[in-house]
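Read the structure below first, then the notes.
The values are calculated or read from the model by the stated rules, or taken from the named source; none is laboratory data. Nothing here was measured: the structure is a model prediction, and the numbers come from that model. Every residue, glycine among them, receives a Cβ derived from its backbone with ideal geometry; neighbour counts consider all protein chains shown.
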Amino acid sequence: MKKWLGKSLKHKLSLLIIIATMVPLLFLGLFSYNMAAGITEEKAKISGMNTLRQLEAYLVTMVKDVENMSLFLIGHSGVQNYLKSPERDSNYTEQTSIINFLTNLAFSKDYIANIIIEPLGAKQPISHKSLIRSEFTDITENIPDYYNKYSKWWSDVHRQWTSDGVRQVITLSRPIRSTDKYKPIGKVQINVDQAVIAYHVSQAALEKTGFVLLLDEQDRIIAGPPDMETNRLLTDYYPEMKPLQGTSGTLNYGEGADKKTVLYKSVSDVNWKLVGMIPAAEYRSQNQYVLGLMAVAVTVAVLLVIVLVVFLIRKITKPLSALTQFLINSSPEEPLPAIPVTTIDEVGQLVISYNRLSSRIIKLTEEVKLNESLKKEADMQALQVQINPHFLYNTLSSIQWLALMNKDRKIADMVGSLSDFLRFSLNNGQEYCTVRQEIEHVQNYVNVQSIRYPDKLSFDVYMDDRVRDKLMLKLLLQPLVENAMLHGILKREGPGSIKIYASCDDRSIHLSVEDDGLGMSEERLIWLRTQLEGHPIHEKSRSSQGSYGLRNVNNRLYLHYGKNAVLRIESTEGQGTIVRFTIPFGEDRSGTKQV
């Protein structure tokens, strides 16, 4: 595979583009599938909550009906008279009348299993169905003062035996108080048939395999699937079930294939909860069609992408392949031939650039050959220039020795200063020197000129001790001093002075040459500053207007230290001229380290 990829750019581009296209397609398919699965789950939750609301409406209606019935019985005059009358005054006719009343009251209510009026005394309870046995235990046996705080109580599921057989019922119990003295005189128990509630709960369908549970306030099962016993806690069947907080909500239970979505909603006016269980497998089965459709769409898209990519890459790389073959077949010993241009797109521009490059290479080859010949000629000239100063230096040393032999001190000093001046110019081929050496070189020049022009020039140096051993480009100050002497001092009447100031700070060396010569006019100063601005240019001959030495120093400063190190000139006609420049520490443009 690696060899196949490395052999052809077409293979690399095809594979990379196919991968770059397939990855977004796969992610898009996965994202779409997850979105569809989420929508399906959300739709099932909404449908399930609607089912729970409908079931809640039925239960609320039933509960309110039972509670209203109990309130009606409490205030019924016949019930009040029966419960308030002494035991000896009770008669069969009164009991029969109450039983008939209870029977008529419960006749149209399929969820009423039995209604019991229970006196506090020794009187027998009255019910519209003969009560044989009951597992009912009133709340007052555990909490005697319960009815002092609450007006009613709903029991758990229990069994009751009557003339119709045994049933599971849920009892609403509430005390009966006399309407005149508001004293307890009995209790009313309305038994709701659990089978009727269970039937309506079982009819609430949640998807195909989902089911609904009805829980009491202690999360015990009131009604649910046949395989789940009543009065068992929900956690007995689902141990890791989280608390059902709030009046309604949803949560997930379990993982993988056993995962279920749990919906719950409280029943108003009674502390019951409706809980819906929807297996996650229902969502997966509904999403199989969506998954298959996504797989087909992604597969078709990938195949189309592969075909289009291969076609386009082959069309794009065909000119490049032709260019490659053209270059492979060309001879390296011969000039690169021009290649015909067939297109004007990027590949065509590449061929045009190649043709230009080929012409440029031929031209550069000729220039290199010419430069090599010029370099050899320049080396010979440099050797000749070096030999001539050495010969002159040795000759000057001989003249100085003869002057000393003849005791002509002035000639010896002049020749000695000139010899030192020349020696510094050679400087073993080095471009840089210390500030102290540069000023000594200027002093030698001034000594020669002072002998030539006696009593015409005074020369002073003010140098900070910190700057003495700092490195600088050589032959910068001497041309400035020479310019000050020739154009400032010698052209004025009487003697003049030249001063050099050398100082430094933490980053730079500051040098200035000041004279009290003729100075220059404002127009001349502006012209000179203009000449020193901009990038240095090559000058084949000296300017007829002068300032050659200043421009030479300025160009060398620019080329070695940058544009911030150029000369700054101030001059007043009749008063003198000041030339300043600043050079930085560190490395100059040529790479020499400043200390």
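Quick look at the numbers
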{"item": "Selection count where residues are more than 25 Å from Y548 (Cα to Cα) and either in contact (Cβ under 8 Å) with a residue 24 or more places away in the chain or of a type in the set (S, T, N, Q) (or both), scope segment 472-494", "result": "0"}
{"item": "Identity of the residue in segment 158-190, free of Cβ contacts under 8 Å to residues at least 60 places away in the same chain and hydroxyl-bearing (S, T, Y), that ends up surrounded by the fewest Cβ atoms within 10 Å (Cβ to Cβ)", "result": "Y182"}
{"item": "First in segment 546-568 and under 16 Å from P584 (Cα atoms), second anywhere and of a type in the set (G, A, S) and in a helix (DSSP H, G or I), Cβ under 8 Å, 6 or more apart", "result": "L557/A565; Y558/A565"}
{"item": "When residues of segment 556-595 are limited to those that are hydroxyl-bearing (S, T, Y) and either assigned to a strand (DSSP E or B) or at pLDDT 85 or above (or both), the one farthest from D505 (Cα to Cα)", "result": "T572"}
{"item": "Scope segment 529-555; condition among the basic types (K, R), closer than 20 Å to L475 by Cβ and modelled with pLDDT of 85 or more; matching residues", "result": "R551"}
{"item": "Hey, S202 over 60 Å from the mean Cα position of the chain (by Cα) and either of a type outside the set (F, W, Y) or closer than 24 Å to F107 by Cα (or both) or not", "result": "no"}
{"item": "Close pairs from segment 66-77: first under 13 Å from T179 (Cβ atoms), partner in a helix (DSSP H, G or I), Cβ under 7 Å, at least 6 apart", "result": "L73/V79"}
{"item": "Wholly enclosed strands (runs of 3 or more DSSP E) of segment 191-263 bearing at least 2 residues crowded, with 20+ Cβ neighbours inside 10 Å", "result": "211-215, 221-223"}
{"item": "Members of segment 266-297 that are at pLDDT 70 or above, surrounded by 15 or more Cβ atoms within 10 Å (Cβ to Cβ) and either farther than 30 Å from W153 by Cβ or touching an Asp or Glu at 6+ places or on another chain (Cβ under 7 Å) (or both)", "result": "V267, W272, L274, I278, P279, A280, A281, E282, M294"}
{"item": "Test for T61: is it crowded, with 18+ Cβ neighbours inside 10 Å, assigned to a helix (DSSP H, G or I) and polar (S, T, N, Q)", "result": "no"}
{"item": "Matching option when the condition is modelled with pLDDT under 70 and either farther than 17 Å from D516 by Cα or in contact with a strand residue (DSSP E or B) (Cβ under 6 Å, 6 or more places away or on another chain) (or both), among S458, S425", "result": "S425"}
{"item": "In segment 111-149, residue nearest to the chain's Cα centre (by Cα) [restricted to those that are surrounded by fewer than 13 Cβ atoms within 10 Å (Cβ to Cβ) and closer than 29 Å to E229 by Cα]", "result": "N142"}
{"item": "Residues of segment 169-189 satisfying the condition of being aliphatic (A, V, I, L, M) and farther than 16 Å from I222 by Cβ", "result": "I176, I185, V188"}
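Each row is one residue, and each column tells you yes or no for (1) at pLDDT below 90; (2) of a type in the set (A, V, I, L, M, F, W, C); (3) in a helix (DSSP H, G or I).
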{"position": "D469", "(1), (2), (3)": "no, no, no"}
{"position": "L480", "(1), (2), (3)": "no, yes, yes"}
{"position": "N483", "(1), (2), (3)": "no, no, yes"}
{"position": "K491", "(1), (2), (3)": "yes, no, no"}
{"position": "S497", "(1), (2), (3)": "no, no, no"}
{"position": "A502", "(1), (2), (3)": "no, yes, no"}
{"position": "L511", "(1), (2), (3)": "no, yes, no"}
{"position": "L518", "(1), (2), (3)": "no, yes, no"}
